[in-house]
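The structure appears right after this line, and notes come after that.
Here, each number is a calculation from the coordinates, and none is a lab measurement. These numbers were taken from a predicted model, which means no experiment stands behind them. Cβ: placed from backbone, ideal geometry, glycine included. Neighbour counts: every protein chain shown.
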Amino acid sequence: MSVNLSTLIPESIEADWMPSASQEILEKRAYFLRAIREFFHVRNVMEVDTPNLTLAPVTDPHIESLQTEINGAGNSDTLYLTTSPEFYMKRLLAAGSGSIYQMGKVFRNDGQGKLHSPEFTMLEWYRPDFDHHALMHEVDELIQYLLKTEKADRITYRDAFEQYTGLNPFNVTTVQLQNCAKANSINLISQNMEKDDWLALLLTHLIEPQLGNIKPIFIYDFPASQAALARVRIKDSDEVVAERFELYYRGIELVNGYHELSDSQEQRKRFEHDLQARINTGKPVFAYDEAVLNALSAGLPDCAGVAAGVDRLFMLAEKLDNIHSGLSFTVKSR
Amino acid sequence: MASYSTNEFKNGLKLMIDGDPYSIVECDFVKPGKGQAFTRVKIRNLKTGRVVERTYKSGESVEAADVMDTEMQYLYNDGEMWHFMEPKTYEQIAADVTAIGDTKLWLKEQDMCEVTLWNDSPIAVVPPNFVVLEVTDTDPGVRGDTSGGGGKPATLETGAVVRVPLFINIGEQVKVDTRSGEYVGRAKD
C-alpha cells in the first residue's frame, strides 16, 4: 500500500541554517561563561546541575511552563521543563550543600521579544547566612566584574515609584494608578486589572526605561503582594515589604533575588494562593511541589538566592541591541 | 467572531480596533521580573496609514479584522498607482501609496503578493517572503572573500538597500528575506 507522504509530512521549513551570532561573538560568549564560573570558583561556591524536567512546575500565575509527555515502559506521565532551578536547588541546600550556583537553560511558554526567548540561560545562586542586602553586594561585584560598571545604586520600590510617578505604591488606589497611566499616554486596552497589574504596567512602561542609565540600580523591598518566594517583613505601620530585589541596568531587568522564605507552611499557603489565582484567570493548574515543602520542613538554612539572565548580561557586555544577536541560534516558531 | 490571542501577535496580523482595520507593524513583549506581562504593539490604521501604540495584558484576545487576503500578481506601477491582477479571473485592481507602504521596496513585476481587501478596496500589500532582485549598485567585490563576517550595503533594482557579503557584484541576482530585509543568498540561475 502506498502512502502519500505529502499528507503526512508538514511543509518543509525555510532552511536558514546560519548561526545568529558571528564567530567573534560566539568566542566572546565562551569567554564570558568561563569568567562567570571563575567568579564563583574563587568564592568557593559549588557548581551544580539539577534536572530540567520536573513533575511539579512553578505555580506563579504569571509564568507558564512548557509541558511534555514521557512514555517509558510502564511509565507515562506529564512532565514540565523547569522555568528556574529554584526548587531543586533548595532541596540541595536543605540537604547541606552549602553555597551553590547553577548556570543552564530554563524554559518558559511565553512571548518572544528583543529581551525574551522561550529558552534562555539562567545563572542562579544561593548563599547561606546572607540576607538580601549581603547578596545585593555580591551581585554588584559580579556585575562590576562582567560589565565594568560602577558600584550600583540602591532604591526601595516605594522611593522608585514616588520619584517617577509621584505615587506611594503601598497606599495608592487602582483608580490613581489608572489615571497615572492615562496621563502618561499608555494606551492600555485591557480590563480586569488588579492593583499589582497596574503597578506592573507603570513599572515596565514608566520606571524601568529610566533605571540605571549610568550605573546599575537595585530596587528592593517590594510590596508583600509581590513577594513570590521572598520573606515578608513589617517595615512600617502602612508598609509590609517582601525582602526581594531586582537589578536594572540601562533600563533592562537583569536579576531577581530573595531573602528566601524558609517556612514550609507559609510556602504551602503561597502555592495554594497561586493556584487559586490560576483558577480565577483560567490558567492551567497542577499539583505543587511537595518535595520542596518537605525540604523546607526539614530545614532550609537561612539564605538568600538570586537568578540572573545570562543572555541579557552578555548582550549588555557586548553592547548588542537584543539577546538573539548573542545566541548561537534563535529558536523560532512558525 | 474570529479573534487572536496576544500570543499569536506578529507583524502583519490584522486587528479590528474601534471599527477600523489595523495591521501590526511592531510587537514587543514587556514583562517585569515577576508579575503581569504586557504586549506592546505599534499598529497601522489601514485606512489612514497612521501608526499608533497600544498595550495589552499578555494572553488576552483581540478581534480579528474582517478583511480578505488574496494572492495577486503584481503587474506594474504607473507612477501613481500599483496594479495587481487576480490570476484566475484576470480582474485587476490598483493600490495607492498608503496601501503599498514600504512594500514598494520589494515589488518585482510578475511576483505573487498578498493583497488585503477591505470593502473590496486594497488597503495593504505583503510581498513574497523571499524575492530575487538585481544589484544595481554596490562597492566592488572582494575576490576570495567567502566568510560570513563583515558585509557592505547594496542597492537593488527596486531601490531597497540591503547588507550583502563582500563578494557580491553589480548585476548579480540576490535573494532577500522581505520580512527582515536581510540578504539570504545568491540567486541561482
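Couple of notes before you dig in:
- Treating each Cα of chain A as one equal point scatterer and applying the Debye formula with no solvent, the log10 of I(q)/I(0) at q = 0.10, 0.12 Å⁻¹ comes out as -0.66, -0.96.
- Each other residue within a Cβ distance under 13 Å of residue B:71 adds +1 if Lys or Arg and -1 if Asp or Glu, for a net charge of -4.
- Cα-only Debye scattering, chain B: base-10 log of I(q)/I(0) at q = 0.08, 0.12 Å⁻¹: -0.34, -0.71
- With contacts taken as Cα pairs under 8 Å and at least 6 residues apart, the stretch A:116-260 reaches a relative contact order of 24 percent.
- The distance separating the Cα centre of the stretch A:284-334 from that of the stretch A:110-176 comes to 14 Å.
- Scanning chain A for GluC sites (Glu not before Pro) that sit in a DSSP loop and have at most 12 other Cβ atoms within 10 Å, the longest stretch containing none of them is A:151-334.
- Rounded FRET efficiency, nearest 0.05, which uses the C-beta distance separating residue A:23 from residue B:186 and R0 of 22 Å: 0.55
- Straight-line cross-link reach from residue B:47 at under 21 Å between alpha-carbon atoms covers these lysines, not counting any fewer than eight positions away in the same chain: B:10, B:14, B:104.
- Our summary gives chain A a relative contact order of 22 percent, counting only alpha carbon pairs under 8 angstrom and 6 or more residues apart.
- Full-extension gain in nm, residue A:153 to residue A:68, via 0.36 nm per residue minus C-alpha separation: 26.4 nm
- For chain B, the longest piece that avoids every one of the GluC sites (Glu not before Pro) found in DSSP loops with at most 12 other C-beta atoms within 10 Å covers B:1-79.
- The stretch B:1-105 - convex hull of the alpha-carbon atoms, volume per residue in Å³: 119 Å³
- For residues of A:186-197, the mean tally of beta carbons on other chains within 10 Å: 5
- Annotation note: trypsin sites (Lys or Arg not before Pro) in the stretch B:1-64 located in DSSP loop regions with a Cβ neighbour count of at most 16 within 10 Å are B:10, B:47, B:50.
- Comparing A:151, A:90, A:235 in a Gaussian network model of chain A where C-alpha atoms under 10 Å apart are linked, the largest mean-square fluctuation is found at A:235.
- Seen from residue A:85, the other residues with C-beta closer than 9 Å to its C-beta sum to a net charge of -3, counting Lys and Arg as +1 and Asp and Glu as -1.
- With one equal scatterer per alpha carbon and no solvent term, the Debye-computed log10 I(q)/I(0) for the stretch A:185-306 at 0.10, 0.14, 0.15, 0.22 1/Å reads -0.40, -0.78, -0.88, -1.33.
- The stretch B:82-145 versus the stretch A:52-80: alpha-carbon centroid distance in Å: 46 Å
- Net charge over other residues, Cβ less than 10 angstrom from the Cβ of residue B:3 (K, R count +1; D, E count -1): -3
- Using θ = phi - 60° in the Karplus curve 6.51 cos²θ - 1.76 cosθ + 1.60, the 3J(HN,Hα) couplings for the stretch B:4-19 round to 10, 7, 4, 5, 8, 4, 7, 4, x, 5, 9, 10, 9, 10, 6, x Hz; x is entered for Gly and Pro.
- Taking amide hydrogens as placed 1.01 Å from N in the peptide plane, the amide H of residue A:303 sits under 5 Å from those of A:129, A:260, each at least 5 positions away in sequence or on another chain.
- Chain B, relative contact order in percent, only Cα pairs under 8 angstrom and at least six apart counted: 14 percent
- Positive-pole candidate from A:232, A:113, A:273, dipole of the protein assembly as shown, charges at beta carbon: A:232
- Placed amide H near residue A:187: partners under 5 Å, 5+ positions off or other chain: B:55
- Estimated inter-spin distance, residue B:89 and residue A:33, nm [label 7 Å along Cα→Cβ]: 5.6 nm
- Restraint check, A:90/A:114; A:215/A:319; A:90/B:31, Cα-Cα greater than 19 Å: A:90/A:114; A:90/B:31
- Net length available on complete extension from residue A:184 to residue A:55 is 42.1 nm, with 0.36 nm assigned per residue and the Cα-Cα distance removed.
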